[in-house]
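Everything on this sheet refers to the single structure shown next.
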Amino acid sequence: MLNPIKLAKNNFLSSLDVSTEEVIHILDLAANFKNKDLKIELNDKVLGLIFDKSSTRTRVSFQVAMSRLGGSTIDLNPTTSQIGRGEPIKDTARVLSRYCDVIAIRTFNHSDLEEYAKWSTKPVINALTDLEHPCQALADFLTIKEEFFDFKKVVLTFIGDGNNVANSLILCGALLGVEIRIACPKGYEPNPLVIQKANEIYKNKNLLKITNDPNNAVLGANVLYTDVWSSMGEESKKEEKDKDFYGFTINSNLVNKADKDAIILHCLPAYRSKEITDEIIESKNSRIFHQAENRMYAQQALLSCLLL
Ligand code: CP
Ligand code: NVA
């Protein structure tokens with residue numbers, strides 16, 4: 001039977017906070033949780049949830065994951081705690097680490113998450129920042145593994161904004177040896193440091209391609225993935241981004257150019273008819289709701305390793 005392993009790092013702030021062996025183990029554990037082959041009892045451990053932005057999937061999947069592990073969660077809503085009043089992160093982090101066993105944080109600046117991790121004596125998990133969404137990437141690659149098994153034979157094309165979701169896909173994809181193509185409008189390319197780090201991991205420099213041409217990027221792809229054009233916090237840029245992303249909608253025209261068995265992923269929430277059509281979300285090749293479900297198993301696996 002597979003068991004959780006102690007990870008080399010205490011925190012999960014980035015997809016690169018785990019090694020290739022560790023991410024493979026987490027995905028295998030997640031599959032075991034899903035198949036109900038694995039029962040782990042965390043004995044009343046408590047996860048604190050600090051969410052500076054809205055969330056359905058991440059919040060609920062963490063709550064259910066913790067409950068299935070025999071632990072519980074505390075919702076630390078910034079507007080009803082002293083966090084919203086501006087209490088310094090270094091004070092909040094030191095206090096919360098005396099009550100909680102692990103803390104998951106969704107916020108804007110990645111540097112704020114790092115500040116929590118610096119002062120917390122308990123593991124800190126990135127529940128999404130403007131830079132990365134590593135828990136999402138775990139569920140994404142679990143979904144891809146269920147479909148294709150061998151990561152090295154997979155071409156994943158992400159069409160959309162090169163921000164948090166794309167950055168974590170690139171880094172986790174590099175660890176797993178997946179060919180990643182990012183198609184985005186000019187000016188929306190992924191973080192340069194993320195690209196540099198991924199290229200250092202890939203043995204073959206052709207496995208990561210950044211392009212402004214979605215039609216070319218989908219040719220022969222096995223996975224088509226998209227995310228909203230305007231992320232949380234970018235509400236005022238919506239009109240401008242809708243114009244900039246014209247032509248980057250995953251529709252039947254793009255899907256027909258990919259491999260005939262290509263699956264469709266979206267981290268959700270989706271704006272139907274913007275980044276993806278309703279028809280494609282509901283199509284037989286869509287695995288979008290399996291992907292959302294897999295958030296729970298991936299996080300059960302991650303928590304069981306971080307809380308060892
Ligand atoms: N995909 C995702 O993180 O969804 P939520 O914003 O609902 O948590
Ligand atoms: N890029 C999106 C992801 C939502 C899960 C955002 O940051 O809002």
Scan the strands (runs of 3 or more DSSP E) fully inside the range 123-216 and keep the ones with 3 or more residues being away from ligand 2 (no atom under 16 Å from the Cβ).
155-159, 179-183, 208-211
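Let's see how each residue does on (1) touching a helix residue (DSSP H, G or I) at 6+ places or on another chain (Cβ under 8 Å); (2) within 16 Å of ligand 1 (Cβ to nearest atom); (3) assigned to a loop (DSSP other than H, G, I, E, B); (4) within 16 Å of Gln136 (Cα to Cα):
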{"site": "Leu16", "(1), (2), (3), (4)": "yes, no, no, yes"}
{"site": "Val23", "(1), (2), (3), (4)": "yes, no, no, yes"}
{"site": "Ile26", "(1), (2), (3), (4)": "yes, no, no, yes"}
{"site": "Phe33", "(1), (2), (3), (4)": "yes, no, no, no"}
{"site": "Lys36", "(1), (2), (3), (4)": "no, no, yes, no"}
{"site": "Lys39", "(1), (2), (3), (4)": "no, no, yes, no"}
{"site": "Leu42", "(1), (2), (3), (4)": "yes, no, yes, no"}
{"site": "Ser55", "(1), (2), (3), (4)": "no, yes, yes, yes"}
{"site": "Thr58", "(1), (2), (3), (4)": "yes, yes, no, yes"}
Selection count, the range 181-215, where residues are under 15 Å from Val165 (Cβ atoms) and aromatic (Phe, Trp, Tyr):
1
Count, please, the residues in the range 250-273 that happen to be of a type in the set (Ser, Thr, Tyr) and within 16 Å of ligand 2 (Cβ to nearest atom).
1
Can you pull out every residue in the range 283-308 that is hydroxyl-bearing (Ser, Thr, Tyr) and more than 20 Å from Asp44 (Cβ to Cβ)?
Ser283, Ser286, Tyr297
Hey, among the residues in the range 265-304 that are outside any loop (DSSP other than H, G, I, E, B) and of a type in the set (Ser, Thr, Tyr), which one's nearest to Ala166 (Cα to Cα)?
Ser286
Flag for Asn215 being farther than 30 Å from Pro192 by Cβ and either more than 22 Å from the chain's Cα centre (by Cα) or within 16 Å of ligand 1 (Cβ to nearest atom) (or both)
no
State yes or no: is Ser231 closer than 22 Å to Thr129 by Cβ and polar (S, T, N, Q)?
yes
Inspect all residues belonging to the range 232-244 and state whether any of them is outside any helix (DSSP H, G or I) and either more than 15 Å from ligand 1 (Cβ to nearest atom) or at positive phi (or both).
yes
Output for the range 1-11, where each listed residue is out of contact with any helix residue (DSSP H, G or I) (no Cβ under 6 Å at 6 or more places or on another chain) and among the hydrophobic types (A, V, I, L, M, F, W, C):
Met1, Ala8
Which condition number in (1) more than 16 Å from ligand 1 (Cβ to nearest atom); (2) assigned to a helix (DSSP H, G or I) is the one that Ser81 fails?
(2)
Checking Ile250 against (1) farther than 25 Å from Ser55 by Cα; (2) surrounded by 14 or more Cβ atoms within 10 Å (Cβ to Cβ), the condition it does not meet:
(1)
Quick one: in the range 95-119, of everything that is in a helix (DSSP H, G or I), aliphatic (A, V, I, L, M) and in contact with a strand residue (DSSP E or B) (Cβ under 8 Å, 6 or more places away or on another chain), which residue is surrounded by the most Cβ atoms within 10 Å (Cβ to Cβ)?
Leu113
Might you let me know whether the range 283-305 holds any residue that is more than 14 Å from ligand 1 (Cβ to nearest atom), out of contact with any Leu (no Cβ under 8 Å at 6 or more places or on another chain) and of a type in the set (Asp, Glu)?
no
Got a sec? Which of Ala258, Ala301, Ala270 is buried (at least 24 other Cβ atoms within 10 Å of the Cβ), among the small types (Gly, Ala, Ser) and modelled with pLDDT of 95 or more?
Ala301
Any residue in the range 30-55 that's under 22 Å from Arg106 (Cα atoms): show its pairings with residues that are acidic (Asp, Glu) and outside any loop (DSSP other than H, G, I, E, B) at Cβ separation under 7 Å, as long as the two are six or more apart or on different chains.
Leu49/Asp75
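The values are calculated or read from the model by the stated rules, or taken from the named source; none is laboratory data. As the structure is a computational prediction, the values presented were derived from the model and not from experiment. Note: ideal-geometry Cβ built from the backbone for every residue, glycine included; neighbour counts use all protein chains shown.
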